[in-house]
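Undergrad: The structure is given below, and queries will be raised subsequently.
The values are calculated or read from the model by the stated rules, or taken from the named source; none is laboratory data. Computed from a predicted model, the values in this text were never measured in an experiment. Quick reminder, even Gly has a Cβ in these numbers, built from the backbone with ideal geometry, and neighbours come from all protein chains shown. Areas reflect the complete protein model, heavy atoms only, side chains present, ligands, DNA and RNA absent. Shrake-Rupley method; radii C 1.70, N 1.55, O 1.52, S 1.80 Å.
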Amino acid sequence: MQRLFEKQANIAKAIGHPVRVAVIDFLQNGEQCVCDIAIRVGSERTNLSKHLSVMVAAGGLQSRKDGLKVIYKIKTPCIVRFLDCLRECLKEQAKETQELLKAM
């Protein structure tokens, strides 16, 4: 079981950066070339390539060559659902904060 937990933690770490979350958010609409991803997430290509390779190694993304372009797509769509879950957590936190402020 410990090995399973380690692998799960590695996947979570692989998406645990704001640039990586932005990449997943962008790619949920379909595959994109690295040049378009860089523009969308506001990152230099060299920095972005490091983030993309971490996510590919963790199994969340996959890439392919199309001429000179490198195209990325989400390999495991459940990652998008995981981010949806995180958004729900944030909404719940915001709701609790609002309730706390009203009680003050």
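Undergrad: Just to verify a number: FRET efficiency for CYS35 and LEU86, C-beta to C-beta distance, R0 = 30 Å, to 0.05?
TA: 0.65
Undergrad: While we're here: Under 10 Å, Cα contacts only: if you run a Gaussian network model on the chain, which one of ILE15, ILE71, ILE39 comes out with the highest mean-square fluctuation?
TA: Fluctuation is largest for ILE39.
Undergrad: With the dipole of segment 2-65 worked out from charges on the C-beta (+1 for Lys and Arg, -1 for Asp and Glu) around the Cα centre, which of VAL34, VAL21, GLY59 lies farthest toward the positive end?
TA: Among VAL34, VAL21, GLY59, the one farthest towards the positive end of the dipole of segment 2-65 is GLY59.
Undergrad: Could I ask something else about it? Suppose every K and R has +1 on its Cβ and every D and E has -1 on its Cβ; what is the size of the dipole of segment 39-104 about the Cα centre, in Debye to the nearest 20?
TA: Numbers: 13 positive and 7 negative charges, 91 e Å.
The calculation lands at about 440 debye.
Undergrad: With a Förster radius of 35 Å, plug the Cβ-Cβ distance of ASN47 and LEU4 into 1/(1 + (r/R0)^6) and report the FRET value to the nearest 0.05.
TA: 0.65
Undergrad: Given the C-alpha centroids of segment 66-82 and segment 2-53, what is the distance between them in whole angstrom?
TA: Computed from Cα coordinates, the inter-centre distance equals 9 Å.
Undergrad: Once fully extended, how much extra length lies between GLN28 and LYS65, figured as 0.36 nm per residue of separation less the alpha-carbon to alpha-carbon distance?
TA: Once the chain is fully extended between GLN28 and LYS65, it gains 11.4 nm.
Undergrad: Given the whole protein assembly as supplied and a 1.4 Å probe, what does the accessible area of ARG3 come to in Å², nearest 10?
TA: It works out to around 150 Å².
Undergrad: I would also like to ask the following. Say a paramagnetic label sat at a point 7 Å from the Cα of CYS78, along Cα to Cβ; which residues of segment 22-37 have their backbone N under 19 Å from it?
TA: 24-25, 28
Undergrad: Further question: If you take every residue apart from VAL54 with its C-beta less than 13 Å away from the C-beta of VAL54, what net charge results, scoring Lys and Arg +1 and Asp and Glu -1?
TA: On the way: positive: LYS13, ARG20, LYS50; negative: none.
Spelling it out: positives minus negatives among the neighbours equals +3.
Undergrad: Considering lysine pairs in the chain that are 8 or more places apart or on different chains, how many have Cα atoms under 18 Å apart?
TA: Number of lysine pairs found: 10.
Undergrad: Determine the sum of side-chain charges near ILE24: Lys and Arg each +1, Asp and Glu each -1, restricted to other residues whose C-beta is under 15 angstrom from that of ILE24.
TA: Local charge sum for ILE24: +3.
Undergrad: Another question, then. What value, in deg cm²/dmol to 500, does the helix sum -39500 (n - 2.57) over DSSP H runs of n ≥ 4 give at 222 nm once divided by the residues of the chain?
TA: The helix contribution divided over the chain gives -22000 deg cm²/dmol.
Undergrad: Something else about it: Only Cα pairs within less than 10 Å get springs; with that Gaussian network setup on the chain, which residue of GLN32, GLN93, GLN62 has the largest fluctuation?
TA: GLN93
Undergrad: Then there is this: Keeping all protein chains in place and using 1.4 angstrom, which order do THR46, THR97, THR76 fall into by accessible surface area, from largest down?
TA: THR46, THR97, THR76
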